[in-house]
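The values are calculated or read from the model by the stated rules, or taken from the named source; none is laboratory data. What you see is a predicted model, and the numbers here were worked out from it, not measured in a lab. Here the Cβ is made from the backbone with ideal geometry for all residues, glycine too, and neighbour counts use every protein chain on show.
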């Protein structure tokens, strides 16, 4: 491997979706980083946008730094050493995610990527995720004047934990599976109402939903809808299964649970959560995980009562406010 300083290594900048070859390079590097770190460096929404499923309300800006190396692909003569992706918001804000290939760490690659980013756009309004909150990310954030502004906990429930509590559905409410081609708009409306306060989930569009429906993991049978006698959608529990990766067994996920404002206070959230976990466990999954904001005390308390324990932490960094 080349160990020359990356100060002069080329950085490719792409606005919008990536072409198939570059997307493959990005996902390959992200997989290598995840295997090394235990956490994916790019969020699901970022990957969706890199594939071109953006609704047009925001855009994506990508940076790829290449390391000249005699042992690399003879067709290009270069290795992809690092990537950075900014998902731009319609209000001038943006969210950054960055990953460096394990073979090129501690050589200044991240600094070179951030320097290229600063040449392209200001850091004003830009926040950054550190998935797993690794020490190197914390140091980089401090170097650029950033501080933690949000904690997202990853929690896990093992099937060997205590039995789930009985949480029956409210009277007049039943569960059924999501029907593709029928339930999209009703779900989008319910999701928007349930997550009007949430910066990411509440802004999901039809394009976002369709992108997830096209993923290999999508299973409408695990997308549970709670409806009343008139068929009105009151809440939902969308589950997800992460397939086995090498020695790591498959794991289920409480992907998203939502209850519309009209159905609040009925105990539907707990009932939906238990129903989805039971669905995953019935598929033979021995572990179920979820993400929750650390400051969402009600949700954290519910998950802890169900037997979930804190497993890992993602931290969002933002610039230190200036006086």
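Odds and ends about this structure:
- Identity of the residue in region 189-216, part of a loop (DSSP other than H, G, I, E, B) and surrounded by 14 or more Cβ atoms within 10 Å (Cβ to Cβ), that ends up modelled with the lowest pLDDT: 198
- Number of residues in region 179-188 that are out of contact with any strand residue (DSSP E or B) (no Cβ under 9 Å at 6 or more places or on another chain), assigned to a loop (DSSP other than H, G, I, E, B) and surrounded by 15 or more Cβ atoms within 10 Å (Cβ to Cβ): the value is 0.
- Test for residue 231: is it assigned to a loop (DSSP other than H, G, I, E, B) and more than 19 Å from residue 167 (Cα to Cα): yes
- Tabulated pairs, region 192-207, first in the same structural domain as residue 261 (by TED's automatic domain parsing) and more than 15 Å from residue 89 (Cβ to Cβ), second in a loop (DSSP other than H, G, I, E, B) and modelled with pLDDT of 90 or more, C-beta under 8 angstrom, 6+ apart or interchain: 193/260; 194/260
- Filtered residue count, region 263-287, keeping only those that are part of a loop (DSSP other than H, G, I, E, B) and free of Cβ contacts under 8 Å to residues at least 12 places away in the same chain: 3
- Considering each residue of region 296-308 in turn, none proves to be more than 22 Å from the chain's Cα centre (by Cα), part of a loop (DSSP other than H, G, I, E, B) and without any contact (Cβ under 8 Å) to a residue 12 or more places away in the chain.
- Every listed requirement among (1) closer than 29 Å to residue 290 by Cβ; (2) at pLDDT 85 or above; (3) out of contact with any helix residue (DSSP H, G or I) (no Cβ under 6 Å at 6 or more places or on another chain); (4) not in a strand (DSSP E or B) is met by residue 152 save one, (4).
- Checked against the criterion of being under 25 Å from residue 152 (Cβ atoms), buried (at least 22 other Cβ atoms within 10 Å of the Cβ) and assigned by TED's automatic domain parsing to the domain that holds residue 173, the candidates 222, 276 yield just one match: 276.
- In region 121-149, the residue that is nearest to residue 45 (Cα to Cα) out of those that are in a helix (DSSP H, G or I) and touching a strand residue (DSSP E or B) at 6+ places or on another chain (Cβ under 6 Å) is 137.
- From the options 110, 84, 99, residue that is touching a strand residue (DSSP E or B) at 6+ places or on another chain (Cβ under 8 Å), at pLDDT 90 or above, more than 22 Å from residue 320 (Cβ to Cβ) and buried (at least 18 other Cβ atoms within 10 Å of the Cβ): 99
- Test: residue in region 244-261 that is within 20 Å of residue 212 (Cβ to Cβ), out of contact with any helix residue (DSSP H, G or I) (no Cβ under 6 Å at 6 or more places or on another chain) and loosely packed, with under 14 Cβ neighbours inside 10 Å: yes
- Test: residue in region 241-254 that is over 18 Å from the mean Cα position of the chain (by Cα), modelled with pLDDT of 95 or more and not in a strand (DSSP E or B): no
- Subset of region 13-41 [buried (at least 19 other Cβ atoms within 10 Å of the Cβ), within 17 Å of residue 313 (Cα to Cα) and free of Cβ contacts under 8 Å to residues at least 60 places away in the same chain]: none
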